[in-house]
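Readers should treat all values here as calculations from the given coordinates under stated rules, not as data from a laboratory. No experiment lies behind these values; they were computed from the predicted model shown. Virtual Cβ from ideal backbone geometry, glycine too; neighbours counted across all protein chains shown.
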Amino acid sequence: MLLFTVFGSFWLEIVLKIGVLRRVKRLVISIFPVSIFFLIWDAYAISQGHWYFDQEQILGIFGPFDIPLEEFLFFTIIPIAAIMTIEAVRTVNKHWKVGDE
């Protein structure tokens, strides 16, 4: 699913020249705080037994607090794809404003 998201959205960077990946600091400021919140939530849910990951559907690589690599990638790739989509719409429709102009 993550690869599908990459192929479905990241082409916008090249074709429409939206420049999202060139603004790394902006991406980090946008994604990091929310990702940390949800990763803490995941860690808590895993430690309490409320949340688990099917061993058959993950690579088996775990980061801190027994959170699988795929979860870390999810909280990075999905927001980047969303930002790319918003920037692509802004590129195509120059009159659409989102508030950071």
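Numbers for the structure displayed
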read-out: 3J(HN,Hα) from dihedral phi, the range 51-65, Karplus parametrisation 6.51/-1.76/1.60, rounded to Hz, x for glycine, proline; value: 9, 8, 10, 5, 4, 6, 10, 10, 6, x, 9, 10, x, x, 6
read-out: Listed residues Pro64, Val20, Phe38: farthest to the positive end of the dipole of the chain (Cβ charges); value: Val20
read-out: The chain, relative contact order [Cα under 8 Å, separation at least 6], %; value: 39 percent
read-out: Gaussian network model of the chain, Cα within-10 Å springs - most flexible of Gly19, Gly60, Gly49; value: Gly49
read-out: Max mean-square fluctuation residue, GNM over the chain, Cα-Cα springs under 10 Å, options Ile31, Ile80, Ile46; value: Ile46
read-out: Order of Asp42, Asp66, Asp54 under a 10 Å beta carbon neighbour criterion, fewest first; value: Asp54, Asp66, Asp42
read-out: Equivalent ellipsoid semi-axes - Cα gyration tensor, the chain, angstrom; value: 31, 15, 10
read-out: Pairwise label distance in nanometres, Ile29 with Lys97, each label 7 Å out on the Cα-Cβ vector; value: 1.9 nm
read-out: Given charges at beta-carbon only (K, R positive; D, E negative), |dipole| of the chain in Debye; value: 780 debye
read-out: Kyte-Doolittle at least -1.0, axis length at least 18 Å by Cα - qualifying DSSP helices, the chain; value: 24-47, 69-92
read-out: Longest site-free stretch - the chain; sites: chymotrypsin sites (Phe, Trp or Tyr not before Pro), DSSP loop, at most 14 other Cβ within 10 Å; value: 1-50
read-out: Relative exposure of Ser47, Ser30, judged by other C-beta atoms within 10 Å (fewest first); value: Ser47, Ser30
